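Input: a single structure, listed below in structure tokens.
Readers should treat all values here as calculations from the given coordinates under stated rules, not as data from a laboratory. Since the structure is predicted, the reported quantities are computational estimates derived from the model, not experimental observations.
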């Protein structure tokens, strides 16, 4: 409850002075970015759409009202609409069916926060491990492709991936305790 009360004070301060919106941005950026990145799978688009979410939130901040849901849920709702709008625009440009998200679908805060946490933990990995995880799971490259790009053997890339996943598991377990 204290966190929600603090957040409410931050929102009210930002509503009175939009220059204070930066505090809310700092708190919610990773969650919103993780939510968007999971849906668009392209870093440039994810960054652009995340920026659009916060721009729309700031533009509509005066209309935000407390209704029992946290401010982050409101941001994820905006993110859901932004991603849907982009998918619809893209679908008009490309022939064929596309799996568009349902605009009425309420984003799952817990899932988005978990993904944001994983993003933070991955950023704490050593450089080569972080790069392998990003290429393997974000860019969805094969072990062979990564090995070729890094100038390493496939076995070395598999070891880096294994060590990175073990480190992530340890970090997650350590922070849950």
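Values as computed for the structure displayed
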| item | result |
| --- | --- |
| Net lengthening on full extension, residue 45/residue 15 (0.36 nm per residue, minus Cα-Cα) | 8.0 nm |
| Semi-axes of the equivalent ellipsoid for the chain, Cα gyration tensor, largest first, Å | 33, 22, 13 |
| Added length on full extension, which subtracts the Cα-Cα distance from 0.36 nm per residue, residue 159 to residue 145 | 3.5 nm |
| Length added when fully stretched, residue 128-residue 65, from 0.36 nm per residue minus Cα-Cα | 18.2 nm |
| Using alpha-carbon coordinates, inclination of helix 21-40 to the longest axis of the chain, degrees | 50 degrees |
| For the chain: relative contact order, % (alpha-carbon pairs under 8 angstrom, 6 or more apart) | 19 percent |
| Alpha carbon centroid spacing (whole Å) that separates region 138-158 from region 1-75 | 36 Å |
